[in-house]
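Quick notes on the structure that follows.
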């Protein structure tokens, strides 16, 4: 839960740094602008609440199809509400042991790890798009790298189509954050 709290707090901080003229800025997620990226984060948190309450994977996909609309008129308040809701959903008794229907059936504890990973990766994307310091805690970066590296090595990380394999080589002196972002095709 500490990783969720820290990663979600950084998401909210970065959303609060978006200036009005930056909402249409391109992001490292080539098909998304800043509004779509923030909407993805908010819709993802809201969708994870639904999954933890027994919704099918199609519910999350449907919410993500309308992610630009998730931002609302007050993105910071909307994001803060999504953070509170997803935290409450993960702290319900039995939530981490519950089977949820994501891309495939997984325990709630794995869904929690995926939420942290999404927050960390997209915090970097958002910071890059608005010219801010990602401000990501090294322990969070290492946690997400440890989660994703075995999946990358097996090819499973890239098989589902959400994450692209690296398109370039990684310098030997890369920082942990650079290593993580390379792993996810940035």
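The values are calculated or read from the model by the stated rules, or taken from the named source; none is laboratory data. Computed from a prediction, not measured in an experiment: that's the story for all the values here. Ideal geometry is used to build each Cβ from the backbone, glycine not excepted, and the neighbour counts take in all protein chains shown.
Is it the case, given these coordinates, that residue 60 is assigned to a loop (DSSP other than H, G, I, E, B), crowded, with 19+ Cβ neighbours inside 10 Å and either in contact (Cβ under 8 Å) with a residue 40 or more places away in the chain or touching a strand residue (DSSP E or B) at 6+ places or on another chain (Cβ under 7 Å) (or both)? Don't jump to the end; show me each part of the working.
Details: assigned to a loop (DSSP other than H, G, I, E, B): no; crowded, with 19+ Cβ neighbours inside 10 Å: yes; either in contact (Cβ under 8 Å) with a residue 40 or more places away in the chain or touching a strand residue (DSSP E or B) at 6+ places or on another chain (Cβ under 7 Å) (or both): yes.
No: the conditions fail for residue 60.
Summed over the stretch 20-35, the residues that are in a helix (DSSP H, G or I) and either out of contact with any helix residue (DSSP H, G or I) (no Cβ under 9 Å at 6 or more places or on another chain) or surrounded by fewer than 19 Cβ atoms within 10 Å (Cβ to Cβ) (or both) give a count of 3. Being closer than 27 Å to residue 177 by Cβ and under 17 Å from the mean Cα position of the chain (by Cα), is that true of even one residue in the stretch 49-59? No, the stretch 49-59 contains no residue that is closer than 27 Å to residue 177 by Cβ and under 17 Å from the mean Cα position of the chain (by Cα). The numbered conditions (1) touching a residue at least 40 places away in the same chain (Cβ under 8 Å); (2) within 16 Å of the chain's Cα centre (by Cα); (3) assigned to a helix (DSSP H, G or I) are all true for residue 39 except (1).
Can you pull out the residues in the stretch 89-101 that are in contact (Cβ under 8 Å) with a residue 24 or more places away in the chain and closer than 24 Å to residue 9 by Cα? I'd like the intermediate steps shown before the answer.
Residues of the stretch 89-101 that are in contact (Cβ under 8 Å) with a residue 24 or more places away in the chain, as a first pass: 89-92, 95, 98, 100-101.
Within the stretch 89-101, 89, 90, 91, 92, 95 qualify.
Among the candidates 129, 167, 156, the residue that is more than 30 Å from residue 92 (Cα to Cα) and loosely packed, with under 13 Cβ neighbours inside 10 Å is uniquely 167.
Restricting the first member to the stretch 63-81 and to residues that are on the phi < 0 side of the Ramachandran plot and modelled with pLDDT of 95 or more, and the second to residues that are outside any helix (DSSP H, G or I) and surrounded by 21 or more Cβ atoms within 10 Å (Cβ to Cβ), the beta-carbon pairs closer than 8 Å and six or more apart or on different chains are 75/18.
Tell me, yes or no, whether the stretch 151-170 has at least one residue that is part of a helix (DSSP H, G or I) and under 13 Å from the mean Cα position of the chain (by Cα). Within the stretch 151-170, none of the residues are part of a helix (DSSP H, G or I) and under 13 Å from the mean Cα position of the chain (by Cα).
Kindly check whether there is at least one residue in the stretch 97-108 that is surrounded by fewer than 14 Cβ atoms within 10 Å (Cβ to Cβ) and part of a helix (DSSP H, G or I). No; the residues of the stretch 97-108 include none that is surrounded by fewer than 14 Cβ atoms within 10 Å (Cβ to Cβ) and part of a helix (DSSP H, G or I).
Of everything in the stretch 112-150 that is in a loop (DSSP other than H, G, I, E, B) and without any contact (Cβ under 8 Å) to a residue 40 or more places away in the chain, the residue that is farthest from the chain's Cα centre (by Cα) is 131.
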